[in-house]
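Notes to accompany the following structure.
The values are calculated or read from the model by the stated rules, or taken from the named source; none is laboratory data. Every value quoted in this text rests on a predicted model; they were computed, and no experiment measured them. A quick note on method: Cβ atoms are made from the backbone with ideal geometry, for glycine too, and the neighbour counts reach across all protein chains shown.
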Amino acid sequence: MGGKRNSGAGTGAESRPESGPAGERHTRWLLVVALTVQFLVSLDMSVVNVALPDIRSDLGFGGDGLLWVVNAYALAFGGLLMLGGRLADLAGPRRVLMAGLALFGLASLAGGIAWSPGSLVTARAVQGVGAAALAPVAFALITLAFPAGPARSRALGLWGMAGAAGGAVGVLAGGVLTDAAGWRSVMLVNVPIVVFALAAAVRSGPVGGQRRTGARLDVAGALLATAGTTLLVLGLVRTSEDGWGSAATLTVMGSAVILLGGFVAVELRTTSPLLRPGLLKGRPVLTANLFCLLLASAQFGAFYFVSLYMQLVLGFGPTAAGFAFLPFCVGIVVGSVLATRAVAALGIRRLMTLGGTLAALGMGWFATTATVDGGFLSSILGPSLLCSLGIGLCFVPLGTAATTDVPPGDTGMASGLLNSSRQVGGSLGLAVLVTVAAQVTGGGTGLTELSSGYAAAFWVAAGLLAAAALAAYVLLPGERGAATVEGPTDEFEERDRSTLHSER
């Protein structure tokens, strides 16, 4: 029975990972690769935001064209995540990793020398394609390289820290680099990071299982999932301009629903699905994706409004606003460290519930302190630490739940699904919170109107986080979570990890 489930994970001779210092060194390099990739992908979701005014004046963007510097990346990234995850399963994580890094690096270089609005938007879209290949691989490497238990918990904690650090450093670096070296530096800064990641990948040796022979890509499913997800993200990011009830929004969102419905129909019939329907039958996997969607909906939108509150209401400059986000990064790190130590004792259900609750309380705190006469100490520091501490507590149990009972050959699929939930959730949350804030402000631009709109957005974000905590408490099995973390690695996972270094 075990051999049947694992038959697609790889072909050819398999060997156990090297033991002793050599094997530990290769595993450490694998972790370095995964963390660097996670940092890089998160960095580029925020690093260009502060540089947008300079980009507009230098390249001559007109009208709403500047928004596509951000949206082109988000659309390609969100639309291709499922495809990137499945390619990692079929072609092997190493091939997808190297190709994704090369593509991301070349696109960053092209963006740094862009000569027109179209060339920059194209470069950002290609960056998104590379990120869609890299993000699922970063998560899959951890699940393949580390056995279930304390080692994987520590690695998942570091993975969460890398993502949080990338987002926070992106905001800070965007302001500092733009002031010091111009907007092109925020694109070119990716190049040395990519070079380091490629070198680390070479040092790590083989990364993940071997290529599946005889397996084929679900082309119809890939096209439907990519088109449907892309239209869904497009519809969400455009609601701030077109409105939820506009003909354009309804057409795009309706088309997305039709395409995604077609994707489900294809996946139920094909023998090589892009998303195995049974994957979501497991309550931990289903809950992890629902939790991730709600968490990202609140986090991404709130991140946006905290930045606006600091700059438009409190009068912070770009660099000062970037530094003001550092406590958020510190809270993520502390929460992740605590989670690696507490997950075995508390289990994933209690820890996700606790983390979601603390994050909701922190977001509610933001809502009560986002006033005209606020300041960093009175309005930013405390809420940032409490909210980020809660979010940091969630990363380790969330990663564990997302891969519970998932065969090794489907780790890329599970990772792509989780990242898609995160990306779609972030776009959805931003669209909803922008609409709420706009309705409260009523088009007013005074400090009082703006702070009231931002506070309303924070209250909605707090509700989304509370819903995530409730979902974890209700849907996750009470005893299964701790057993999953502490229990022995199953034979399928153990056999798949034995291919990590077999090509050496």
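General observations
- Check on Phe395, buried (at least 20 other Cβ atoms within 10 Å of the Cβ), at pLDDT 90 or above and either in contact with a Phe, Trp or Tyr (Cβ under 7 Å, 6 or more places away or on another chain) or not assigned by TED's automatic domain parsing to the domain that holds Thr229 (or both): no
- Flag if Asp242 is in contact with a helix residue (DSSP H, G or I) (Cβ under 8 Å, 6 or more places away or on another chain), under 22 Å from Val460 (Cβ atoms) and charged (D, E, K, R): yes
- All positions within region 232-247 that are in a helix (DSSP H, G or I) and over 19 Å from Gly79 (Cα atoms): Ser240, Glu241, Asp242, Ala247
- Of all residues making up region 339-363, the number that are surrounded by 20 or more Cβ atoms within 10 Å (Cβ to Cβ) and within 24 Å of Phe325 (Cα to Cα): 11
- Of the residues making up region 250-274, those that are modelled with pLDDT of 85 or more and within 22 Å of Gly128 (Cβ to Cβ) are Val252, Met253, Ser255, Ala256, Leu259, Leu260, Phe263.
- Ala110 in a helix (DSSP H, G or I), closer than 30 Å to Pro407 by Cβ and of a type outside the set (D, E, K, R): no
- Leu236 modelled with pLDDT of 90 or more, within 25 Å of the chain's Cα centre (by Cα) and not assigned by TED's automatic domain parsing to the domain that holds Ala402: no
- In region 248-275, of all residues being under 21 Å from Leu81 (Cβ atoms) and outside any helix (DSSP H, G or I), the one that is farthest from the chain's Cα centre (by Cα) corresponds to Thr270.
- Count of residues meeting criterion [under 18 Å from Leu293 (Cα atoms) and surrounded by fewer than 24 Cβ atoms within 10 Å (Cβ to Cβ)] in region 419-439: 7
- Any hit, region 384-392, residues being more than 17 Å from Ala296 (Cα to Cα) and in contact with a helix residue (DSSP H, G or I) (Cβ under 9 Å, 6 or more places away or on another chain): yes
- Selection count, region 265-318, where residues are of a type in the set (D, E, K, R) and without any contact (Cβ under 8 Å) to a residue 12 or more places away in the chain: 2
- Odd one out for Val334, checked against (1) surrounded by 19 or more Cβ atoms within 10 Å (Cβ to Cβ); (2) over 16 Å from Ala298 (Cβ atoms): (1)
- Taking region 235-262 as the range and being in contact (Cβ under 8 Å) with a residue 60 or more places away in the chain, buried (at least 19 other Cβ atoms within 10 Å of the Cβ) and hydroxyl-bearing (Ser, Thr, Tyr) as the test, only Thr239 passes.
- Scan of region 451-479 for residues that are surrounded by 19 or more Cβ atoms within 10 Å (Cβ to Cβ) and not in a helix (DSSP H, G or I), ordered by number: Leu476
- Residues that are over 16 Å from Val96 (Cβ atoms) and either of a type in the set (Lys, Arg) or surrounded by 21 or more Cβ atoms within 10 Å (Cβ to Cβ) (or both) within region 128-147 comprise just one, Phe146.
- Pairs, first in contact (Cβ under 8 Å) with a residue 60 or more places away in the chain and in the same structural domain as Phe305 (by TED's automatic domain parsing) in region 441-460, second aromatic (Phe, Trp, Tyr) and buried (at least 21 other Cβ atoms within 10 Å of the Cβ), C-beta under 6 Å, six or more apart: Tyr454/Phe305; Tyr454/Tyr309; Ala457/Phe305; Phe458/Phe366
- Filtered by the rule that a residue be modelled with pLDDT of 75 or more and at positive phi, region 55-77 gives a lone residue, Gly60.
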